[in-house]
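S.K.: Let me give you the structure first, and then I'll get to my questions.
The values are calculated or read from the model by the stated rules, or taken from the named source; none is laboratory data. Quick caveat, the model's predicted, so the values are computed rather than measured. When we count neighbours, we look across all protein chains shown, and the Cβ atoms used for this are built from the backbone with ideal geometry, even at glycine. Note: areas computed on protein heavy atoms with side chains; ligands, DNA, RNA excluded. Shrake-Rupley method; radii C 1.70, N 1.55, O 1.52, S 1.80 Å.
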Amino acid sequence: MPNSSVLCRLRWFYCIECKAWPEEPIDKNFEASSRVKQLAEPKQTHPDFKPDRPSVYWPEKDPESSQTEASERIKELAKPKERKDKDIREPEWPVSESAKSAKPSERLDALSKPKEYPADYLMPKDTRETASAGGKENKPSQRVTELAKPKRVYEKDYEPEWGAVHPSALKATPTQRVERLSQPKPLPQHYQMVRPAIWQPTEQAMKATPTGRTEQLSKAKKRNALCTKANCAAALPKSYYMMARSL
């Protein structure tokens, strides 16, 4: 039994050789069935359907055209709030005699006193504090003077102070290992330098003749929507093509 890929190819060959489907003549006296006529009718809207309202109010419920009246409760709530004279106090009012002669309790006296600072609390110092006489005569140490210098951020501003070379370092002789490491690394034997982007081709390349296969590959590829019958038949074995013709 051929596999699925072979069956697909056979069906494809069979479809290529199939003829076009014949068109039936149109019957002008044909009448549609009752079901077709029923489906051809437009969909009817629901009897209670209402379109989108154009504004906040419905046309049939316009407050100007409606004759309904608000209830007594709604009318009562719609009135502004009335303020009585006792709710409104003038900016100046007399103090009562009882308030003048009143004496506060011990709790009110304790709460009326300001909060005291702790015993170890120090008030914030003034930014323009004057230096003491001892501070004016004091001399900074060498460490303080070194820390007071500005930090050098950029390398170009850094100037290292090189000291004198030690006499033993001047008379020192390097070992064989140090001399071997100090030599530059040689290039490999078959190393080729980087070729420039533009170079002159050789004479053999200019006189060479391409083969037939090279000329065939150099041609532009043609893309067809469907391959021809001969090319498609050549792509498959002959036995597959005979099986497709027998279907």
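S.K.: Any residue at all in the stretch 212-229 that is touching a Phe, Trp or Tyr at 6+ places or on another chain (Cβ under 7 Å) and either exposed (fewer than 10 other Cβ atoms within 10 Å of the Cβ) or at pLDDT below 90 (or both)?
M.R.: The answer is no, given that none of the residues of the stretch 212-229 is touching a Phe, Trp or Tyr at 6+ places or on another chain (Cβ under 7 Å) and either exposed (fewer than 10 other Cβ atoms within 10 Å of the Cβ) or at pLDDT below 90 (or both).
S.K.: Out of everything in the stretch 29-77 that is among the polar types (S, T, N, Q), open to solvent by 100 Å² or more (accessible area, probe 1.4 Å) and not in a helix (DSSP H, G or I), what residue ends up being modelled with the lowest pLDDT?
M.R.: Q67
S.K.: Answer yes or no: is there a residue in the stretch 172-181 that is part of a loop (DSSP other than H, G, I, E, B), surrounded by 10 or more Cβ atoms within 10 Å (Cβ to Cβ) and at pLDDT below 80. Write out each step before concluding.
M.R.: First, pick out the residues of the stretch 172-181 that are part of a loop (DSSP other than H, G, I, E, B): 172-175.
Next, from what is left, pick out any that are surrounded by 10 or more Cβ atoms within 10 Å (Cβ to Cβ): 174.
After this cut, where a residue has to be at pLDDT below 80 as well, the list is none.
No; the residues of the stretch 172-181 include none that is part of a loop (DSSP other than H, G, I, E, B), surrounded by 10 or more Cβ atoms within 10 Å (Cβ to Cβ) and at pLDDT below 80.
S.K.: Among the residues of the stretch 135-163, what is the count of those that are modelled with pLDDT of 75 or more and part of a loop (DSSP other than H, G, I, E, B)?
M.R.: Applying the first criterion (modelled with pLDDT of 75 or more) to the stretch 135-163 yields 135-151.
Next, only the ones that are part of a loop (DSSP other than H, G, I, E, B) stay: 138-141, 148-151.
Looking only at that region, the number is 8.
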